[in-house]
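Reading through the structure tokens given below for one structure.
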Amino acid sequence: MLFQMCYGPELEAIHMVVCRQPGITMIELTDLFQYNPDGDITSLIEGAITFLKEVDFLAVEEKRIYPRQNGWDVITLLKRLNEIMKNEKEPSFNYLFSTMYYELFIKPDRLYVQDIYYETNAVFVSQPVGQEKVNAWKRIMEFLGLGYRAYGGFYALPHPTLLLKIIASQKGWEGPAQIFCQEHVSTIIPCEYKGKVYQGILHGLQGLHSNGIIKLQYKQDLPYVHYDGMHGRWNWLQIKEDVSCYLV
């Protein structure tokens, strides 16, 4: 189950250790991360392993843990969540976890939701979810770069670093902005509903334009949706040939 009491950074750290030491046991992994001998982090390690198994980053065979994804890659992880959203049967918890972002933010095209717990249970009435699971979801979404925990709720503005990674994989691309979002963003961040691109993505692209990483412009008579923003109307997107210098 994807709903685990995880915080985010430990997912990457555990995956990196398993990649370096394939076949490590749960006990060895726990001992490695146990910083306080008086505590017990076994349940936290088990939760992280369960999450990473669900997204096919790790496998457990005869009590030994092996990598199924070589190297940590948040883009691949987000694609796996997208696949779960499309293929998992409702009303499983995995379907709920992977679909909440789309249902609460993309479909209504809103950036902020104050009470995620209430909204989630109002949408997914056949599968009630508790407050702790909702809190864990917010932590993971923030860690993956899909937004920020703010004022008790969640602000679903994708992090510039995440958008940069998507942009970097398409360096030199040029064409209609709507096509770019449909073909190159939506497989990673589900960002479109009934032909309308989520405003969080549009704000993010305009931010990259302001920093000179991409170029947004308006072309007349283009049979695609145009957008209005801080720099005026635009419907065309051009990515620099080399954007690697912007990646941290």
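Looking at (1) touching a helix residue (DSSP H, G or I) at 6+ places or on another chain (Cβ under 9 Å); (2) acidic (D, E); (3) over 24 Å from V197 (Cβ atoms), can you tell me which one D109 breaks?
Failing condition for D109: (3).
If you go through region 35-67, how many residues are in a strand (DSSP E or B) and of a type in the set (D, E)? First the steps, then the outcome.
Keep residues of region 35-67 that are in a strand (DSSP E or B), which gives 58-61, 64-67.
Now restrict to residues that are of a type in the set (D, E): 61.
Residues flagged as in a strand (DSSP E or B) and of a type in the set (D, E) within region 35-67 amount to 1.
Looking only at region 150-186, filter to residues that are of a type in the set (V, I, T) and within 12 Å of the chain's Cα centre (by Cα); which one of those is nearest to Y224 (Cα to Cα)? Show your work before the answer.
Initially, region 150-186 is screened for residues of a type in the set (V, I, T), giving 161, 166-167, 179, 185.
Next, only the ones that are within 12 Å of the chain's Cα centre (by Cα) stay: 161, 166, 185.
Values: T161: 27, I166: 21, V185: 17 Å.
Here the answer is V185.
Among the residues of region 1-34, what is the count of those that are of a type in the set (F, W, Y) and outside any helix (DSSP H, G or I)? Lay out the reasoning, then the answer.
Quick first cut of region 1-34, residues of a type in the set (F, W, Y) only: 3, 7, 33.
Narrowing the set further to residues that are outside any helix (DSSP H, G or I) leaves 3, 7.
Going through region 1-34 one residue at a time, the tally reaches 2.
Out of region 78-94, which residues are touching a residue at least 12 places away in the same chain (Cβ under 8 Å) and either touching a helix residue (DSSP H, G or I) at 6+ places or on another chain (Cβ under 7 Å) or not hydrophobic (A, V, I, L, M, F, W, C) (or both)? Spell out how you get there, then give the answer.
First, the residues of region 78-94 that are touching a residue at least 12 places away in the same chain (Cβ under 8 Å): 78-82, 84-85, 90-94.
Answer for region 78-94, where residues must be touching a residue at least 12 places away in the same chain (Cβ under 8 Å) and either touching a helix residue (DSSP H, G or I) at 6+ places or on another chain (Cβ under 7 Å) or not hydrophobic (A, V, I, L, M, F, W, C) (or both): L78, K79, R80, L81, N82, I84, M85, E90, P91, S92, N94.
Can you tell me which residue within region 68-103, out of those that are part of a helix (DSSP H, G or I) and among the polar types (S, T, N, Q), is modelled with the lowest pLDDT?
The initial filter retains those residues of region 68-103 that are part of a helix (DSSP H, G or I), namely 74-87, 93-103.
When the remaining residues are screened for being among the polar types (S, T, N, Q), the result is 76, 82, 87, 94, 98-99.
Values: T76: 98, N82: 96, N87: 92, N94: 95, S98: 97, T99: 96.
My answer is N87.
Taking only pairs six or more apart or across chains, which ones have beta-carbon atoms under 9 Å, a first residue in region 190-201 that is farther than 8 Å from I106 by Cβ, and a second residue that is part of a strand (DSSP E or B) and of a type in the set (A, V, I, L, M)?
Once the first residue is farther than 8 Å from I106 by Cβ and sits in region 190-201, no partner that is part of a strand (DSSP E or B) and of a type in the set (A, V, I, L, M) comes close enough.
The values are calculated or read from the model by the stated rules, or taken from the named source; none is laboratory data. Fair warning: this is a prediction, and the values are worked out from it, not measured in the lab. Positions of Cβ are backbone-derived with ideal geometry, glycine not excepted, and every protein chain shown enters the neighbour counts.
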